[in-house]
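Just so you know, all these numbers are worked out from the coordinates, no wet-lab data involved. Everything numeric here is computed off the predicted structure, so don't read it as measured data. Neighbour counts run over all protein chains shown; Cβ positions are idealised from the backbone, glycine included.
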Amino acid sequence: MNQDPTIPAILIGIAHSGLRLATPYLYAAIGETFAQRSGVLNLGVEGIMLMGAFCGFYTVFQTGSLLLGLLAAAAIGALMGLGMAFISVTLKAEQGISGIGLYMFGLGTSSLLFKTTLGTVEGVNGFPEINFCLASYCLSQIPVIGEIFFRHNLLVYGAFALVPLSWWIINKTTWGLSIRAVGQNPQAADSLGVSVARVRYATVTLGGMLAGIAGASLSISLLNIFQENLTNGQGFIAVALVYFGSWTPFGVLAGAMLFSLVNALQLWVQVLGLNIPSDVAVMLPYLLTIIALALPFKRSLQPAALTKPFERGDN
């Protein structure tokens, strides 16, 4: 009975945590949306996130500079995305197998680097909360709304700002039109003078860069540590979110919030010590992933050329 007054605080805590936990999903899934809209499936997102998480963390650990850490994560992500583009676009290798190979590379390399450079779990001072204050009053002091929306750091706000920006790029710019054309009908796009290879290289590299930032959002923004397999499957969930969101940024946002709120709920279940087995609570986000992929989506929105290598002259 005495727990009733704490229920609003618990709900606010879940909502606040849900926004924070959506951050890596949004960066990785938005990046993968660009890649898939151009026709390339990158299942190596998880591996890129791991490398981004390590490089970002280690750079901050050595230099103390959060900006350099973020740039390092973005750079390694872009480099791995470029490698995926070379394999899938130039070499025309099977994208699913190539992506799994990239994931295994990121998992093994990040683990090796962690053992040889750090050896044990360390911590850093990550991105601080941004205080939106006017004179002596801060927006975080607003009841409920302030506690949920105005107590986050730069990378959290950046992830949510990325959603309308990416929607505008995909739907309202010439480059976005080229991306959609290449993903839907690369032969027609090529006949109109659009370089299919150039567009796919750009989108997969961009997707890799955002996946690297997604990893850094864990190691120098949300958790402020690095350990082996830090991402724990979040890269694969991000790929699933692209399907869940029907290849649209706002659909991805809806899916990311659903998954992150479920994740926040399972964390609070453990914190409150409710009579639910911890293994069941931890399993909830992954169970939701399976259910989401089993549900019928708007398959008509799937890029027609997704996973299909482009050969000039193909019908």
(request) For the chain, state the semi-axes of the equivalent ellipsoid (square roots of 5 times the eigenvalues of the alpha-carbon gyration tensor), sorted largest first and rounded to whole angstrom. (result) 34, 22, 20
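Compute the relative contact order of the stretch 1-151 as a whole-number percentage, counting only Cα pairs closer than 8 Å that sit 6 or more residues apart in sequence. Before the final figure, lay out the partial values.
On the way: 134 pairs, mean separation 39.7, N = 151.
Relative CO of the stretch 1-151 lands at 26 percent.
Quick one: how many lysine pairs in the chain have C-alpha atoms under 30 angstrom apart, if they're 8 or more apart or on different chains?
On the way: Lys92/Lys172; Lys92/Lys298; Lys92/Lys308; Lys172/Lys298; Lys172/Lys308; Lys298/Lys308.
Within the chain, the lysine pair count is 6.
Once you charge only the Cβ atoms, +1 for Lys and Arg and -1 for Asp and Glu, what is the size of the charge dipole of the stretch 1-131 about its Cα centre, to the nearest 20 debye? Show your work: numbers first, answer last.
Working: 4 positive and 6 negative charges, 57 e Å.
The calculated dipole for the stretch 1-131 is roughly 280 debye.
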(request) Using amide H atoms built 1.01 Å from N in the peptide plane, name the residues 5+ places from Asn153, or on other chains, whose amide H lies under 5 Å from its own. (result) Ile130
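Using Cα pairs closer than 8 Å and at least 6 residues apart in sequence, work out the relative contact order for the stretch 113-260, in percent.
Details: 115 pairs, mean separation 38.1, N = 148.
Relative contact order, the stretch 113-260: 26 percent.
What FRET efficiency would be calculated for the residue pair Phe86, Thr173, taking the C-beta separation as r and a Förster radius of 22 Å, to the nearest 0.05? Present the calculation step by step, with values, prior to reporting the outcome.
Numbers: r = 25 Å, r/R0 = 1.16.
E(calc), rounded to 0.05, equals 0.30.
Based on other C-beta atoms within 10 Å, arrange Leu68, Leu26, Leu192, Leu306 from fewest to most. Display every interim value, and only then the final one.
Values: Leu68 14, Leu26 30, Leu192 10, Leu306 17.
Arranged by neighbour count, lowest to highest, Leu68, Leu26, Leu192, Leu306 become Leu192, Leu68, Leu306, Leu26.
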(message) Give me the one-decimal nm value for the distance between modelled label points at Ile100 and Leu287, 7 Å along each residue's Cα-to-Cβ direction.
(response) 2.7
